[in-house]
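The next block holds one structure in the form of C-alpha cells; read it before the comments.
Read the figures in this text as sums done on the coordinates, not as results from a lab. The structure presented is a predicted model; accordingly, all values stated were derived computationally and were not measured. Virtual Cβ from ideal backbone geometry, glycine too; neighbours counted across all protein chains shown.
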Amino acid sequence: MIDPYETLGLERDADEQAIKAAWRKTAKTAHPDSGGDAEAFGRLQACYDLLKDPVRRKVYDNTGYDPQLADPRDLQGILRLETLVNDFILDEREPGSFDPVAAMRRKLSDDIVKSRFHILELERHRARVRQHIDRLGRRPAADVLGSMLRTRSQSIADAIRNAEAQIEAIEQAYTMLEGYSYELELLEEVKAAE
C-alpha cells in the first residue's frame, strides 16, 4: 500500500493548504515534462487525489486502505478476509467463547492445501493430455483431435495459473492476520454467565 502522507512528505493532520503546497513542490520535479518518471508521477497524482477528497481520506485514515492506491495483492487478501469476517460475525457462538482469528488462519491454511492438491491434479491431467498428443499417429490436414487436445492442455494450464493466483491471495490474507490475537473468556467465566 502506498502511503499518501509519506509520498507527499506530510503529517497525518495536514490541512488542505499543506496538501496543495506539498503537491506543488513534489509535482515540479516529478512531472514527466521536468524529467520525472511517468509512473511515479501517476502515483503522486493518486496520492494527492486521495488526500484532497475528504471522504476517501477519512476512509484511508480509518482503514489504511484505498482501492486506487492498494497493491492488487492486498486487495485480493482483503477480499479473502472479508468472507471470513462475515463467517465469524454470523457465528452464533458468544464472542469470547471461540477464537475467530485462529479459525480464519485454519480456514486459510486448509484452502491453501486444497488449492495445492487441485494444482497437482490439474498437472496430472495435463501430463496425460500431452502424452495423448505425443501418441497421436498420422494426422490429417485438419488435425481436429490434435487441436482439441492442445486446447484442452491450454485450458488446464490456465486453470493452474488461476489456482496459483488464488494461493497467492490466500497467503496474502494470512500475512495480513499476522500480529492479531483474540482474547478468550476463561471457561469458569463462561459457565458463570450461563
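If you take the square roots of the eigenvalues of the alpha-carbon gyration tensor of the stretch 4-70 and sort them as a ≥ b ≥ c, do you get rounded (a/c under 1.5), prolate (a/b over b/c) or oblate?
Values: a/c = 2.56, a/b = 1.52, b/c = 1.68.
Verdict is oblate for the stretch 4-70.
Under unit Cβ charges (Lys, Arg +1; Asp, Glu -1), what dipole magnitude, rounded to 20 debye, does the stretch 4-70 have relative to its Cα centre?
On the way: 10 positive and 12 negative charges, 28 e Å.
Using Cβ point charges on Lys, Arg, Asp and Glu, the stretch 4-70 gives about 140 debye.
Taking Ala70, Ala142, Ala27 as the candidate residues, the one with maximal mean-square fluctuation in a Gaussian network model of the chain, Cα springs under 10 Å, is Ala142. Based on C-alpha pairs under 8 angstrom that are at least 6 apart in sequence, the chain has a relative contact order of 24 percent.
Would you please name the GluC sites (Glu not before Pro) within the stretch 68-138 that are DSSP coil residues with at most 16 other C-beta atoms within 10 Å of their C-beta?
Values: sites: Glu82, Glu92, Glu121, Glu123; in loops: Glu92.
Filter output for the stretch 68-138: Glu92.
Among residues other than Leu51 whose Cβ falls under 12 Å from its Cβ, what is the net charge (Lys/Arg +1, Asp/Glu -1)? Please list the in-between numbers first.
Details: positive: Arg12, Lys20, Lys52, Arg56, Arg57, Lys58; negative: Asp3, Glu6, Glu11, Asp13, Asp15, Glu16, Asp49, Asp53, Asp61, Asp66.
In short, -4.
Across the stretch 4-70, the mean sequence separation of Cα contacts (distance under 8 Å, 6 or more residues apart), normalised by length, yields a relative contact order of 29 percent. Quick one: among Gly137, Gly146, Gly96, which has the greatest mean-square fluctuation in a GNM of the chain with alpha-carbon springs under 10 angstrom? Among Gly137, Gly146, Gly96, the largest GNM mean-square fluctuation belongs to Gly137. Labels on offer are [x] 1.43; [y] 1.18; [z] 0.94, and the one holding Rg/Rh (Cα atoms, Kirkwood Rh) computed from this structure is [y]. Helix content alone sets the calculated 222 nm mean residue ellipticity of the chain: runs of n ≥ 4 DSSP H residues at -39500 (n - 2.57) each, divided across all residues, give -24500 deg cm²/dmol. Among the trypsin sites (Lys or Arg not before Pro) found in the stretch 73-126, those both in a DSSP coil and sparsely packed, with 14 or fewer other Cβ atoms within 10 Å of their Cβ, are Arg93.
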